[in-house]
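The values are calculated or read from the model by the stated rules, or taken from the named source; none is laboratory data. Keep in mind it's a predicted model, so treat the numbers as computed, not measured. For neighbour counting, all protein chains shown are included, and Cβ atoms are generated from backbone atoms with ideal geometry for every residue, glycine included. Calculation scope for accessible area: heavy atoms of the full protein, side chains included, ligands and nucleic acids excluded. Shrake-Rupley method; radii C 1.70, N 1.55, O 1.52, S 1.80 Å.
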Amino acid sequence: LKKPNKLFSLFFSFQNEINEVPFFDIQLPYELALKIFQYLDKTELGRCAQVSRTWKVLAEDEVLWYRLCQQEGYLLDTSISDHSCWKLALKNCRARERTLKTNWKNRIGAVSQLQYELGKILCDVHSCDGVVIAGYTSGEVRLWDTRTWDYTAPILEPMHGPGDAGPQPHVSFVRINSSLAVAAYEDGTVSVWSLMFGREPIHRYQHNQRIQALALGSEGATVATASGFEVKVESPNDRGFWQTTQTFEIQKLVNFLNLVPDVSGSPVTVAAAEDIVYLLKAEDPGKVLHSVYGQPVTCLDVSAHEAAFGVKTFGWLLNEPNQILLYNLETSQCLKKMGNSMGDFTCVNLQSSPPNMLVTGNKDRRVRVFDLRKSESLCSFYAHQLGVSAVQMDDWKIVSGGEEGLVCVWDQRMGTKLWEMHARWLLACLIELPNYSVLTFRLPEEIRNVSADDSHISALLKYRGIIYAYEFSVDQLAVESVLPICRSSYDEVTGYNYNIGLAVPYDDI
């Protein structure tokens, strides 16, 4: 989109036999007429296609429809030669998005259990574009593609060192983006795999201590890890060889670590270490973004230009409630202080929220949406019985997951709950609103070292390695495709709130 002149010059030589296009009382060259038509939307192009046969050929030019498809956010990673008819590709993308929204509102989808080894404890889960990565206490890392129905779950093989003959260490963290998968192990080892070049890792490096945090860039190939008082950033050079690009020494142990997206040049990292937030750049390695003694950071998220994090203040001592702070990464100035909650903020989502919006979850069981231009809460929902573990929003809905096992969907415009579902043994969840998918799983830190012979936790241990994937892209109307949201027995013709788990009841079932 930023290089229209190069795009046109590439395809002028492949135009059809029409050299001149009639524009009222003059004849324009084809390339000049094409530049005029690039300012029209799809409705106007459809009207122009009905003027004459020459205008129809011009209005259906592949360059125009490729540009429209990119402008609407579809198929951004493709080139113009990947499809023979971009008008049809745009139509299919819009139809798929419409089907996803309809299925999401009507809870039409499929539930799949991504279970690998019974008895192995699940350590960490992450997902990107429907691909799920999971790490276990056995040291194995598995992948699932929820966009297909076979779920082969291949194993990503670790890179063994010269003395690695014993059992594999536990997996501490896993991350995945569109091209890379990363796993950090408890012995300080970090392995990086390419999703396009098989199961062998393409890079491996070692920390001397246990890794506290792992971050992977949303795009590109940049990995950041925090171990002890050191933060290390790894990325490939121009020839594709991985190397340590940056190493930072900080004063405290890191709790949260994020890579700033869409950064040109050297990577920029934001690290929260107890009550200090660092902005780590190559030209300014030890810059402190925020520091207040005795006010630890409880959650963190970053966008291209801002960082939002929750701070815990002891209100009964300082008469100041817990807040969300918003900092500008370019000026390092605090822009906003939001929220007046007695509970700790457990999660915040800034990067994937709409412009000038921010959504948070709190231990007081509420989900709050803030307008960054007004520094005040637009809406607040009493969402869960326990603390909120995950939250995400788009332009019209909010999805939240709670520690008690409930996933709730809210309509932000009306302030009402659309539907809810209960995932058994839920302790955490991942939400991907661009793909309209939800993952629920349990990370039982408190039972990792507990024997399975204990009868009180036998049922809990049974579900400790299961991931539930809720996929809404399935266009089916069968009863099996309806998600387990409705608690009605379907014996009655009409349903009300007392037998349907919906805030807005159906008139008819």
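Structure data summary
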| read-out | value |
| --- | --- |
| Cα centroid separation - the stretch 59-132 against the stretch 265-323, whole Å | 34 Å |
| Carbon and sulfur %, accessible surface of the stretch 165-230 computed with the full protein complex present, 1.4 Å | 51 percent |
| Using θ = phi - 60° and Karplus 6.51 cos²θ - 1.76 cosθ + 1.60, couplings along the stretch 356-366 (whole Hz; Gly, Pro as x) | 6, 10, 8, 10, 9, x, 9, 5, 7, 6, 10 |
| Placed amide H near S218: partners under 5 Å, 5+ positions off or other chain | none |
| Isotropically averaged projected area of the stretch 292-441, using the convex hull of Cα atoms (one quarter of hull area), nm² | 9.0 nm² |
| Share of pairwise Cα separations in the stretch 130-264, more than 23 Å, in percent | 32 percent |
| Cα-Cα P(r), the stretch 21-103, percent of pairs per 5 Å interval | 3, 14, 24, 22, 17, 11, 6, 3, 1, 0, 0 |
| Distance from the stretch 199-249 to the stretch 379-417 (C-alpha centre basis), Å | 34 Å |
| Amide H partners (placed H, <5 Å) of D124, local residues excluded | G135 |
| Under-5 Å amide H pairs with C347, H placed in peptide plane, nonlocal only | G361 |
| Peptide ranges 78-90, 407-419, 169-181 listed from the most packed, as the mean C-beta count within 10 angstrom indicates | 169-181, 407-419, 78-90 |
| Relative packing of 335-345, 33-43, which averages over residues the other C-beta atoms within 10 Å, highest first | 335-345, 33-43 |
| Pair R199, T244: separation of 7 Å Cα→Cβ label points (nm) | 3.1 nm |
| Per residue value of the accessible surface for the stretch 292-441 (all protein chains in place, 1.4 Å probe), Å² | 41 Å² |
| Derived scalar couplings ³J(HN,Hα) [the stretch 228-234; Karplus, 6.51 cos²θ - 1.76 cosθ + 1.60; whole Hz; x for Gly, Pro] | x, 9, 10, 10, 10, 10, 10 |
| Projected-area mean, the stretch 173-331, by convex hull of Cα positions, square nanometres | 9.8 nm² |
| Relative packing of 45-54, 131-140, which averages over residues the other C-beta atoms within 10 Å, highest first | 131-140, 45-54 |
| Karplus 3J(HN,Hα) series, Hz, for the stretch 131-140 with 6.51 cos²θ - 1.76 cosθ + 1.60 (x for Gly, Pro) | 9, 10, 10, 9, x, 10, 5, 6, x, 8 |
| Surface share of carbon and sulfur [accessible, 1.4 angstrom probe, percent] for the stretch 292-441 | 50 percent |
